[in-house]
Each structure stands twice: as structure tokens, then as C-alpha cells.
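Encoded as C-alpha cells, the structure appears first; notes follow it.
Laboratory data are not the source of any read-out in this text; all were calculated from the coordinates shown. If you're wondering where the values come from, they're calculated on a predicted model, not measured in any experiment. Every residue, glycine as well, gets a Cβ built from its backbone with ideal geometry; the counts of neighbours run over all protein chains shown.
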């Protein structure tokens, strides 16, 4: 999976976000994401992760096998 494309999708959904995306294994399908956005304010971690999964849509059903997420609200 192309990390630039994934970051682009996330920026479309979370334009204010600080994003750090990395490939954990080198295969392009096990990724780690650190993301901070004002949209996460007053949301639980589960709600935040659901928002990320929604932004990535069908990519989570195939090209992305695993996604480790660290999310937080951006003040």
C-alpha cells in the first residue's frame, strides 16, 4: 500500500491533522499511524479509531491487513 495515498485520504477526512504513518514490516500491509486532530475532541479512543477506519474505507478490507493506531485530540 502506498503510504502517500493513505496519508492523502486521511488528510481529506482530517485536514487539520498531524499524521505520522509508517510501514511496520516493509510489506506495505502492516501499518502504524499516529494521528492528532481537533475532530477527536471529546471522543473516546474507540470512536476516534472508528473515524480513522471510516476514512480509509475499503482499504481496510484488503490492501491494509493491520493498522496500529495512536490517536489523540489536537488542542
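Looking at this structure, is residue 60 over 12 Å from residue 72 (Cβ atoms), in contact with a strand residue (DSSP E or B) (Cβ under 8 Å, 6 or more places away or on another chain) and surrounded by 15 or more Cβ atoms within 10 Å (Cβ to Cβ)? Steps first, please.
On the way: over 12 Å from residue 72 (Cβ atoms): yes; in contact with a strand residue (DSSP E or B) (Cβ under 8 Å, 6 or more places away or on another chain): yes; surrounded by 15 or more Cβ atoms within 10 Å (Cβ to Cβ): yes.
In short, yes.
Go through (1) over 9 Å from the mean Cα position of the chain (by Cα); (2) surrounded by 18 or more Cβ atoms within 10 Å (Cβ to Cβ) and name the single condition residue 67 misses.
All conditions are met except number (1).
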